[in-house]
Structure formats: structure tokens, C-alpha cells
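> Just passing along the structure, written as C-alpha cells.
What follows draws every value from the coordinates through simple rules; no lab data is involved. This is a predicted model, so every value here is computed, not measured. As a convention, Cβ positions derive from the backbone with ideal geometry for all residues, glycine included, and neighbour counts pool all protein chains shown.
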Number of protein chains: 2
Amino acid sequence: MLQIIRPTLLLHRPTCEANIRKMVNKAEEQKVQLIPHFKTHQSATVGDWFKAAGVKAITVTSVKMANYFSKNGWKDITIAFPVNILDAEQIDELAARVDLKIFINSKEAANSLKEQLKHPVKFYIEIDVGDHRSGVDPDDPDIISEILRLSRNSNLHFEGFYTHAGHTYNAASPEEVEQIAGAFLKKFRSLKAEFSEEYPNLKIAMGDTPSCSILKELEGIDSIHPGNFVYYDLVQYGIGSNNLEEIAICLAVPVVAVHPERQEVIVHSGWVHQGKDSIADANGNTHYGFVVKLTADKWSAPIGKVIKLSQEHGVLHLPKERIENIQVGDVLGILPVHACATAHMMGKLFTTEGEKIQMMPRNPEISGS
Amino acid sequence: MLQIIRPTLLLHRPTCEANIRKMVNKAEEQKVQLIPHFKTHQSATVGDWFKAAGVKAITVTSVKMANYFSKNGWKDITIAFPVNILDAEQIDELAARVDLKIFINSKEAANSLKEQLKHPVKFYIEIDVGDHRSGVDPDDPDIISEILRLSRNSNLHFEGFYTHAGHTYNAASPEEVEQIAGAFLKKFRSLKAEFSEEYPNLKIAMGDTPSCSILKELEGIDSIHPGNFVYYDLVQYGIGSNNLEEIAICLAVPVVAVHPERQEVIVHSGWVHQGKDSIADANGNTHYGFVVKLTADKWSAPIGKVIKLSQEHGVLHLPKERIENIQVGDVLGILPVHACATAHMMGKLFTTEGEKIQMMPRNPEISGS
């Protein structure tokens, strides 16, 4: 058993493995390939649990992350981010070692990379299905045809269309997710019909955790690339992707002050530990996580909320009868609003049994690194 | 000159050194000691610039940070955080090497530490002057007297009262900061009067950057502990602590897509690079930073805003005439909403001249590390 002295991220391995299994089973039932996004856990160890469940290909969010997982045995990697042409050298170096897929969303990127790449690279064209973050407009087939034309007779090989329907994150219920997804799946299927004569092997790939968790049928989709489901969190819980028991990580934090007169507890847990994501509860009050008690093998149901957060301080609000039992030096738990952020901020974690789980070194890729 | 291929945090050293000099001069004029908070820059190199300006004592936010700076030559360190009694062993180890000051805000902490510490440690009692984050109620002198009583004849030595008036961050103008500060300075002076007979050397310490930047007189204060002013940012600019030219850091980011039809540019810059802080502009629209152009020796005035942010994507909104000149593969700059967060997320930086500046390794302190 781990002795907790400082903010420590705990992982309940049985919950995490059940989340993995459930998504693997769903992909099998729906006859789609699961190519999980590893940006949430960023961990070679957790990656191995996916491998044990039969997963063969992965998705990442940066060249740096692709490098990290390639060095941990992964040979089929999709970088789900509009390619940065300034980084062509490292992409080419990666392509020499792995079956690499990137996103090409513009003529400029196609033109630049066909000149720079010495190794074959597959590419998706990312489709903007309404989130308006990145991707090309599916109603503008000219740009798609132009990218395909430019890539011919080069090291760039068309893999298919990819979308991250980020606007499902605005949904307040599973029904709303199904509604949003219905619209973009229709667009996707017509795009496939339009281009599959010329590209009979083209793939249709879809990214977001709410859709992948909630949709009951995925007809016409070839691969799903969800990430967050490995841990889940309160944002996904709010959408209806998971129940509270499926949240697999919990930040253990020491109590440094108790203020019964205002029902508040101060813990060592700031945005450097949790990340700064907040969420509104049913009454519209913003909070930064649910408070739980640590138990012998996991943690309790929520007993309060994190109501304020600064660099290292967290302020918890708890019911009167709970406050009475809490003392300076106790350790409480926090269920994350956004698991990707909390895992990224902490940079490593421990199973509730005390086993240390390494993650990718956290410094983001940077010139000169 | 630095060749930028990935998100890279730039520091304009002349601006940073001018910010340091200005605060050093203000402290000298006001006859208070400047004990700068190093949580913003977390850098031994930037720390050396303070040393060169005559600074002898520093403030940090965690035991880990105290350790890092003690190993970089600092001998007088205040940990401005309610002490975590579970961490007594490492505090004691630090106290053997440096003139250490901690916060004791409860009887429990005083009781626990007087038993555990083998080396003398000075302590402040943190006073809650209205921010309600941490600290004791100044109108409840019983708790103060009780902490003082418990610490007698132990390794705990009373240094004075400290406050971080975090509620000045809610001010919308310098006048409002002065109003808030006026109230807490009055409380502070009466507290000093009350306890100075028994403790003639007691110090009054004050922490926040808005007060330290804006207040014209600091009568009755012994030391100021601001941190953010070393870089400044858009939050401080909104309060009136600084002008835009005084912001010393800028995140250089590669352009990966341009969408002229909606006046948007996609850059490789997500919350893993910037942090997730947002701010509302005059019209109440939330944004995640000002966009600037990089110039030969610094950067331009703002030309747009970051309107959306995910793990690695940033979406910029720019005027039409600006968009026309921007291409995939360009590098733009982002002025941070919250400099502490951006510096922490990036974990290292470069001067605009290309000199690499190391920071404390970023993983927060964690059990077992």
C-alpha cells in the first residue's frame, strides 16, 4: 500500500481495464477497428494493457507522442493533428520506422510534404463536421480533390477521411450526442460513396469519446479513435458517456487546513496538479471536481466539491457532518473534471495497489529539445 | 537567432530585467524588503537576474520548489503555502540547510511540527484578509494566540503575519485595487500594533502582484512577495498592473491551417502549451490570449485573439486583411493570459536572442518521487 504524503494520482486498474475491454468489445461487435487515442494516458504501461486486449494500432496528438510510443513497440501510429510542415524532418524520420498516418488538410501541406518526405506516409484528410476546430469543409470537394491530385506519384498515400466531432462535447445527454452524430455520419457516408470508386480502400475514421461511448451503431465507419474512455471523467459523466464508477483515476491530496465555519477544507491541489478545467453542476455552479474519501481498495461516492483552485491551493466545500470528521494531515481524493488534463499535469501515477506507472516525459515538444 | 519549428516560449530579456528593476526600485523607495515569489518563472537563471539586482531572499509555493532554489544558491526561502504536516521530514531536511520560513495556520500544524522538527524553522501566520482561500481570520485573535502559545520553547519561531490578498485579482481597475488594499492594510496595521509589544520584531508581509504593482505607499509593510510581475500577462494588464509592452514572454507557435472564410487560423498551441486560462474582453467575449507577429527583436502589438483551445490545437481569430498574409508554415506569437501557467506548461524557454533558459523540472512533487 502506498503512503501518500503529497498530491498523488491514483489509478484503479480494474476499472481502467474494464473500460478498455468494454470499448474493445464494442468495436468487435460493430465490426470497426479500435485505434485508441493515447493522449489521455500518455503511458507505455497503460498502452501495454491495450496491447494485451488485442489492440494493434494507436492514435496520438503530436510527433513527440508518436516518437515515445514508437519506442515502446507500437508500429502503426496515426498523428491526429493537422501536420506541421516545419516538422517534416522528424516526421520523415518516424516514417522510416513505423506505419505512419498523418493529417493533410491543405494544398500547402500537400505541396510542402511531397517535396520533403523521403519515406512513404499515409494521410487522412480531416473533415470538419461542424466543430470548426480544424479540417476541411465536406461541402467543398474542390479542396479534397486538389489535395488528392497533389499527392499523386509522391510519398503521400491517401488513407481516407477522419473526423473528431468535438461538438459532441457540448451535448447534455446521450440523445443529443446521437442527434449530432446522426448528422455527421450521414455526411461521412455520402463522402465515402463519392470517393470510393476512385479509392476503393478508403477508410472512414471517427475520433470522439462521447460518440464512441454512446452510439449504438457505427455503420459505414471503419475505425474509431476515442481516448478519454480509458479513464473517463466528470465532463464525460455530464454528457452521459460513463457512470461515476467507471472513472478510473483519482487525485489523492493532503488536507492542510479545515474551516468548519464556512464548511471549507484547504488541500494541496492546485491547477499544477489537477489542470484548470471546471464544469457547471445542475444549479449552474462551477466546480473543479468531486471530493471522495479514499477506501481500502478504491474510493467512495462523492462527498463534496472543489470550489476554488489556484496554483497549488484547492478549496473544497463539504457538508457540515463531513467536515467534523476531517483533520489537517488527512488525505482526500478528487475525481477529475478532465482526465486528460489531470494525467498530463501530474506526469505519473500509481495504481491503488502502489505500483508506479510511468508516463511520457511531460515537457511539450519544443524547438531545440 | 532561434529557428522555431514547434511551440516555443520566448522571453524578452530586456523587458524582464526592466520589470525586476522597477519592483526593486519601488521596494527601495518604500523601504520594504522585496522577497519575490519565484513560482512564476521557476527558473534558476531568471533567479540569478534577481540576485544581480540585489535580491537576497525568495518566496516559493512548495517544498519541491524550495529544494530546487536552495540547490541553486538561495539561502533564505519562504514557502508561502499552509504547511503540509505529512511533509515534515523534507521540511526539516531543508531547514538544516537554509533560513526557512513556512506558514502555520492551525493548532494542529503547530502541534504536529513542534514534535517533528529537529531544526529551527521560522513561521508566518497567514492572515485571511478577505480572499477566503487560506489563512486565519484576523478578527479571531484566539487562534493566533493559541498558535503562538503552542510554538513557544520549540523549533518554531514566530516571524510575523503574511497575506496574499488574492481578491485584488477581481479588481477591474487600479482604483479598485487601492480600495481593496486600503481595507486590508488597515487590518494589518492594527494586528501589528496588537502583537508588537510581545513580538517587537514581528514582520508584516504581503504577496499579490496587483497590490505590489499599483499601490503608491506601503506604510507598515515590512516585505512584499509578488511573483507574476517578472513576466506580467493579460490578467494583470486587465487589472492595470502593467501595460502590454511590459509583458516579457510570448509563445511562438506554428501555423498549421488557415481558414480565410471564417477569419480563423489553426496553430499548434493547446492547453498543454498555454495552460487553460481565459479572460473576457471589454465586450464580454472570452479569449485565451492576444496574437502578435514576431519581429526581429521582440513582437508586434496585438493583431488578433485565441478564441478556442484544446489539448494541442489553438484557433485564432484575425481581421481579414491580416489573414491574407498568413500561410501554413508561418510562426505567430501569443501573449499569455496567465504567465505562471504558460511558463509552467512549457517547462523551459528561450530568450529572443536564442539563449536556452532552464526551469525546474515540471513534475509536481508527488509521493515516491
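> What FRET efficiency, computed as 1/(1 + (r/R0)^6) with R0 = 51 Å and r the Cβ-Cβ distance, is obtained for B:E355 and B:D139, rounded to the nearest 0.05?
0.50
> I've got another one for you. Beyond 26 Å between alpha-carbons counts as too far, so tell me which of B:K39/B:K192; B:K64/B:K348; B:K56/B:K101; A:K293/A:K356; A:K22/A:K75; A:K107/B:K308 fall in that bin.
B:K39/B:K192
> When the Cα atoms of chain A are enclosed in a convex hull and the volume is divided per residue, what value in Å³ results?
136
> In peptide B:7-16, what is the residue-averaged number of other protein chain Cβ atoms found within 10 Å of each Cβ?
2
> Distances from B:K51 to the same position in the other copies: list them in nm, one decimal, shortest first, using label points 7 Å from Cα along Cα→Cβ.
For B:K51, the inter-copy label distances come out at 4.5 nm.
> Once the label point is placed 7 Å from Cα along Cβ, list for B:D99 the distances to the corresponding points in the other copies, in nm, shortest first.
6.5
> Just to verify a number: FRET efficiency for A:H157 and B:K320, C-beta to C-beta distance, R0 = 30 Å, to 0.05?
E between A:H157 and B:K320, to the nearest 0.05, is 0.25.
> With the contact rule set at Cα under 8 Å and sequence spacing of 6 or more, what percent relative contact order holds for segment A:32-231?
21
> Let me ask another. Taking the simple approach of a point 7 Å from Cα along Cα-to-Cβ for both B:V24 and A:K216, what is their distance in nm?
7.0
> Still on this structure, I have one more. Across the protein assembly as shown, how large is the tail of the calculated P(r) beyond 40 Å, expressed as a percent of all Cα pairs?
Distances greater than 40 Å cover 34 percent of the Cα pairs.
> Mind listing the label-point distances from A:E175 to the same position on all other copies, shortest first, one decimal in nm, points 7 Å along Cα→Cβ?
Those separations, rounded to one decimal, come out as 5.1 nm.
> Here's something else I'd like to know. In square nanometres, what is one fourth of the surface area of the convex hull spanned by the alpha carbons of segment B:1-159?
Quarter of the Cα hull surface area: 12.0 nm².
> For peptide A:305-314, compute the average count of partner chain beta-carbon atoms within 10 Å of each residue's beta-carbon.
4
> Here is a further query. Can you put A:M359, B:M206 in order, fewest other beta carbons within 10 Å first?
A:M359, B:M206
> Less than 14 Å Cβ to Cβ from A:K298, Lys/Arg counted +1 and Asp/Glu -1: what total charge do the surrounding residues give?
-3
> Spelling out what I want: for every residue of segment B:122-139, take phi, set θ = phi - 60°, compute 6.51 cos²θ - 1.76 cosθ + 1.60 (Karplus), and round to whole Hz; glycine and proline get x.
Ordered by residue, 3J(HN,Hα) equals 7, 9, 9, 9, 7, 10, 8, 9, x, 6, 6, 8, 9, x, 8, 6, x, 8 Hz.
> Same structure, new question: Compute the convex hull volume of the Cα atoms of segment B:146-189, divide it by the residue count, and report the result per residue in Å³ as a whole number.
Given the Cα convex hull of segment B:146-189, per-residue volume reads 89 Å³.
> Would you mind putting A:15-22, A:193-200 in packing order, based on average other-beta-carbon counts within 10 Å, highest first?
A:15-22, A:193-200
> Check B:E126: other-chain or 5+ apart residues with amide H under 5 Å from its amide H, H built from backbone geometry?
B:I104, B:V136, B:Y162
> Say R0 is 45 Å: what FRET efficiency, to the nearest 0.05, do A:N283 and A:K56 get from their beta-carbon distance?
E(calc), rounded to 0.05, equals 0.50.
> Now for a separate question. Treat the count of other C-beta atoms within 10 Å as a stand-in for reagent exposure and order B:E321, A:E126, A:E353, A:E178 from fewest to most.
Least crowded to most crowded, the residues run B:E321, A:E353, A:E178, A:E126.
> Okay, next question. Give the residue list of trypsin sites (Lys or Arg not before Pro) in segment B:50-148 that are DSSP loop and have at most 14 other beta-carbon atoms within 10 angstrom.
Hits after loop and neighbour filter: B:K56, B:K71, B:K75, B:R97, B:K118.
> Look at the axis of the rotation that sends chain B onto chain A, then give the chain B residue with the nearest Cβ and the distance in whole Å.
B:K276, 2
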